[in-house]
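For reference, the structure discussed in these notes is given below.
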Amino acid sequence: MTLSAEARERLADVVALQPTKNGELQSKWGVESGSDVHQYLESELKEYYYRDEDSLIRATPEAVSLVGGEEAGDASVTVTAFQERVIAVLPDADDEPDSVVATLHALRETGEDPEVDAVRSALRSLAEKGVVERVQKTVPTYRLAVPRDQVNVETIEAGT
């Protein structure tokens with residue numbers, strides 16, 4: 001997706017202000033309402049942002065790389081403690097990806113005993129955040145989207 005100069009500038013704002021809210025971007029961009037911010041994000045920057053568990057706006061690792069934010073290639077992501085454990089057992093970015101079931105078994109080898117739906121949900125959420133890559137084969141498989149040493153993980157307290 002090619003971004004206009006305005007979209008690139010606004011994406012840089014998202015990267016610089018993250019985690020942020022519609023109101024913060026509304027002030028920064030000088031638009032009428034938070035709804036206008038949401039509409040712009042969805043129409044122009046949909047591939048480059050997501051909302052975290054607290055509904056705060058965050059840039060994907062690709063967006064950070066695109067606008068040159070953070071240290072070269074490092075990706076910061078806020079995750080639950082369970083998602084952090086999922087990241088720990090996933091194959092690296094250049095390895096063969098694992099299926100949901102293989103990830104479940106890898107977690108069980110560490111002493112965890114999660115439900116398969118919890119693993120599937122964690123993988124989908126991590127893929128939406130851009131830190132995990134979904135590779136479609138006969139069944140979906142997953143691996144880290146970036147080298148493990150380039151991901152800074154912040155853990156929040158939440159359910160699973």
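Bear in mind these aren't lab numbers, they're just calculated from the coordinates by the rules spelled out. Since the model is a prediction, treat every value here as computed from it, not as a measurement. We place every Cβ from the backbone using ideal geometry, glycine too, and count neighbours over all the protein chains shown.
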For the pair Glu42/Glu9, report the inter-label distance in nm, with labels modelled 7 Å from Cα in the Cβ direction. 2.5
Evaluated over the range 5-67, the Cα radius of gyration and Dmax, each in Å: 10.4, 30
Go through the range 93-108 residue by residue and turn each phi into a ³J(HN,Hα) via Karplus (6.51, -1.76, 1.60, θ = phi - 60°); whole Hz please, and just put x for glycine and proline. 4, 9, 9, 5, x, 10, 6, 4, 5, 5, 5, 4, 5, 4, 5, 5
Long-range HN-HN contacts of Val135 with modeled amide H, under 5 Å: Thr141, Tyr142, Arg143
State the Kirkwood hydrodynamic radius of the chain in Å, one decimal place, computed from all pairs of distinct Cα atoms. 16.6
Cβ-Cβ cut-off under 12 Å around Lys21, Lys and Arg +1, Asp and Glu -1: the net charge is 0
Size of the range 78-156 along its principal axes in angstrom, Cα-based, largest extent first? 28, 25, 20
Under a Cβ-Cβ cut-off of 14 Å, what is the net charge of the residues other than Ala81 that fall near it, where Lys and Arg count +1 and Asp and Glu count -1? -4
